[in-house]
Every structure is written in structure tokens, then in C-alpha cells.
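Enquirer: Take this structure first; my questions come after.
Taken together, the values in this text are just the output of simple stated rules run on the coordinates, not laboratory data. Given the structure is predicted, the values throughout are model-derived calculations rather than measurements. Every residue, glycine as well, gets a Cβ built from its backbone with ideal geometry; the counts of neighbours run over all protein chains shown.
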Amino acid sequence: MAEGVRILVKDANGVTFEPGALPHQYTYDANNNMITDTCLEQGAVVREKTYAWQEGANGVWLKATQSAWINVTEGWRG
């Protein structure tokens, strides 16, 4: 990606943010597949994207679903 290019996305509520400029925390299942990507924004806004996996042929794991970015900030009402 070209330097200086910003990728802005909208969460499930239509709020624009820049996930690439923010710190992330990840969780993984027993097969080492990422199941959550949590993005921490200034002001304690927390957005999360979840993934589900399905085992395919020869033990290869395939991404079955990927959610939109969801605001999961404690006490937030959308």
C-alpha cells in the first residue's frame, strides 16, 4: 500500500473509523484460527470483528463467516 494512504471503514452503526491506525488485540481458537479482532480507539471505544471457521479438505481451515465491525464498548447503546 502506498505510504500516506488511509483506509477508513464504517462499523455496523455507520460510524467511520480507521482500524489500521489503532491498536488491536486478537483471540484464537484451539486450531490457531483468529476468532476475534478487537480494535481499541481513543476514548475507550471498543470495536470487534468476529470470525468463524470450517474445516475443509485435508485439514485446511476455511473462513466461513466474518462480521462487520461492531461497537462493543461497555455501556454503549447504538
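Enquirer: Which net charge results when you count Lys and Arg as +1 and Asp and Glu as -1 among the other residues whose beta-carbon is under 9 Å from that of Ile70?
Expert: Around Ile70, the surrounding residues sum to 0.
Enquirer: Between His24 and Ala68, what is the label-point separation in nm under the 7 Å Cα-to-beta-carbon projection?
Expert: Each label point lies 7 Å from its Cα, and together they span 1.9 nm.
Enquirer: Here is a further query. Pick out, from Leu62, Asn32, Val72, the residue whose Cα sits farthest towards the positive end of the charge dipole of the chain, with +1 on the Cβ of Lys and Arg and -1 on the Cβ of Asp and Glu.
Expert: The residue sitting farthest along the positive end of the dipole is Val72.
Enquirer: Shifting gears a bit: Would you mind classifying the chain by shape? Square roots of the alpha carbon gyration tensor eigenvalues, ordered a ≥ b ≥ c; an a/c under 1.5 is rounded, otherwise it is prolate if a/b is larger than b/c and oblate if not.
Expert: Prolate shape, in that a/c is at least 1.5 and a/b is the bigger ratio.
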